[in-house]
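The values are calculated or read from the model by the stated rules, or taken from the named source; none is laboratory data. Keep in mind that what you see is a predicted model, and the values were worked out from it rather than measured. Every residue, glycine among them, receives a Cβ derived from its backbone with ideal geometry; neighbour counts consider all protein chains shown.
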Amino acid sequence: MSTTFYLRRLAKTTIWMVMVSSFILLYAQPEAPEIQIQILEVDGVQNAVLSWQQIEGADYYAVYSSSDPYTDDWGESLAVVADSVTTYMVPIEEGQNRFFYVTAQQVMALVDGDQFVGEFEIDPFYMSRFLVTQEEYIEIMDDNPSHFADEQGNPVARNLPVESVNWFDAIEYCNRLSIDRGLEPVYSYLHLGTDPDDWYEYDDRWNQQSANHRNLSCNWEANGYRLPTEAEWQHAANAAEHPAPYMYAGSNDINDVAWYNENSNERTNPVGTKQPNSLGIFDMSGNVIEWCWDMYGFEFPSGGDNPTGPEDGPNRMGRGGSWSSFTGSCQVDSRSYGPGRSDLPINRRNNIGLRVVRGHRD
């Protein structure tokens with residue numbers, strides 16, 4: 001689920017092709033940013049260095065290559081370039097004609113910082129507009145734990161939210177996604193650093209023991225992906241307004257914004273098919289409950305700006321309603337204790353999923 005900014009047009013009548021050495025360069029139309037290419041030789045190997053104008057609001061860029069300038073299917077991306085970097089280098093074989101294509105993906109919403117009901121400050125951050133889907137999860141984790149398939153029974157339902165993930169799975173997904181996008185991972189396990197491969201090499205059961213959740217730490221200054229804190233989650237569900245403008249995330253009518261027990265047909269539903277809140281964030285009142293970073297506390301987090309929850313406890317927090325929730329559990333201020341709302345980190349349930357956030361950097 002993304003908004004794509006095309007950096008050049010694909011219509012045959014408007015493509016400008018220039019032969020450069022052993023490959024073809026495609027420029028964008030004047031109304032779109034250009035893809036620039038330079039030739040660089042490294043250890044006797046010629047490389048095409050692609051660069052492009054940064055797109056305001058883009059979260060990352062996907063780089064594609066093809067031998068056919070008019071193809072409708074560019075296949076898998078060569079790379080995903082994240083953050084402020086807008087260059088990519090690819091080796092060019094002698095005599096090979098290549099066409100390059102770049103898309104800018106906008107999938108995160110900026111949540112402005114503000115005072116939370118006069119109690120503490122929340123710094124601005126980015127939150128994904130959509131729940132993590134099964135397709136996105138498979139791309140990073142090479143696994144799909146989800147219980148629900150699509151309507152045709154296909155085991156991979158690309159637009160359904162991933163579910164049946166435990167808290168450890170969500171943490172691992174965040175770090176692997178950061179590594180894939182060239183960002184600094186947020187989470188560290190024990191003394192082993194941020195690469196989940198090292199966690200498994202040290203202890204292949206690290207994510208099967210609930211007590212291990214105390215061994216994970218968060219670098220709040222890293223620019224990678226992470227789970228929201230509970231305070232960040234509610235701040236975003238309220239559209240950064242306090243008190244909350246609506247009972248549910250975006251409306252006082254639950255049917256406008258949520259898949260819940262009365263309309264879900266007893267299952268998850270495609271992400272982004274109900275109305276979003278005013279920040280453009282979907283499904284915060286239903287579909288699947290979302291893991292948060294915080295350990296569970298009986299009171300809403302407090303104790304200073306940007307609270308991150310209690311320092312100890314057996315459970316991790318989940319927020320938002322799900323396809324199986326009653327209306328009361330879908331309200332933006334609902335944080336009732338119980339399975340699926342606050343749960344052991346090892347538990348996987350078919351009504352729990354995740355969405356990701358990133359810190360805001362000036």
Exactly one of Glu135, Glu121 is outside the structural domain of Gly44 (by TED's automatic domain parsing) and under 30 Å from Asn265 (Cβ atoms), and that one is Glu135
Going through (1) at positive phi; (2) among the small types (Gly, Ala, Ser); (3) within 12 Å of the chain's Cα centre (by Cα) one by one, Ser128 fails only at (1)
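Residue by residue, here is whether (1) in a strand (DSSP E or B); (2) at pLDDT 85 or above; (3) not assigned by TED's automatic domain parsing to the domain that holds Asn223 holds:
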position: Met19; (1), (2), (3): yes, no, yes
position: Leu26; (1), (2), (3): yes, no, yes
position: Pro33; (1), (2), (3): no, no, yes
position: Leu50; (1), (2), (3): yes, yes, yes
position: Tyr64; (1), (2), (3): yes, yes, yes
position: Thr71; (1), (2), (3): no, no, yes
Residues of segment 54-71 being free of Cβ contacts under 8 Å to residues at least 60 places away in the same chain and surrounded by fewer than 15 Cβ atoms within 10 Å (Cβ to Cβ), in sequence order, are Gln54, Glu56, Gly57, Ser67, Asp68, Thr71
Per the filter on segment 174-189, residues closer than 16 Å to Trp291 by Cβ and either among the aliphatic types (A, V, I, L, M) or in contact with a helix residue (DSSP H, G or I) (Cβ under 6 Å, 6 or more places away or on another chain) (or both) are Asn175, Arg176, Leu177, Val186, Tyr187
Residues of segment 149-163 being under 27 Å from Gly280 (Cβ atoms) and surrounded by fewer than 19 Cβ atoms within 10 Å (Cβ to Cβ), in sequence order, are Asp150, Glu151, Val156, Arg158, Asn159
Tell me whether segment 326-336 contains one or more residues that are in the same structural domain as Ala244 (by TED's automatic domain parsing), more than 22 Å from Thr268 (Cα to Cα) and of a type in the set (Gly, Ala, Ser).
no
Has segment 260-276 got any residue that is of a type in the set (Asp, Glu) and buried (at least 19 other Cβ atoms within 10 Å of the Cβ)? no
Among (1) without any contact (Cβ under 8 Å) to a residue 24 or more places away in the chain; (2) assigned to a loop (DSSP other than H, G, I, E, B); (3) under 30 Å from Gly153 (Cα atoms), Gln275 falls short only on (1)
Exactly one of Gly95, Gly57, Gly75 is modelled with pLDDT of 80 or more and small (Gly, Ala, Ser), and that one is Gly75
Picked from segment 323-354 (must be at pLDDT below 95 and part of a strand (DSSP E or B)), the residue farthest from Tyr296 (Cα to Cα) is Asp343
All-but-one check, Trp233 against (1) assigned to a loop (DSSP other than H, G, I, E, B); (2) in contact with a Gly (Cβ under 8 Å, 6 or more places away or on another chain); (3) of a type outside the set (Asp, Glu), failing number (1)
Check your understanding: Does segment 281-294 include one or more residues that are at pLDDT 95 or above, in contact with a Lys or Arg (Cβ under 7 Å, 6 or more places away or on another chain), part of a loop (DSSP other than H, G, I, E, B) and not aromatic (Phe, Trp, Tyr)?
Key -> yes
How many residues of segment 294-336 are without any contact (Cβ under 8 Å) to a residue 24 or more places away in the chain, of a type in the set (S, T, N, Q) and surrounded by fewer than 18 Cβ atoms within 10 Å (Cβ to Cβ)? The answer is 1
Residue pairs qualifying under the 7 Å Cβ cut-off, at least six apart or on distinct chains, with the first in segment 150-161 being under 7 Å from Thr133 (Cα atoms) and the second being among the hydrophobic types (A, V, I, L, M, F, W, C), are Asn159/Val271; Leu160/Phe148; Pro161/Leu131; Pro161/Val132; Pro161/Val271; Pro161/Val288
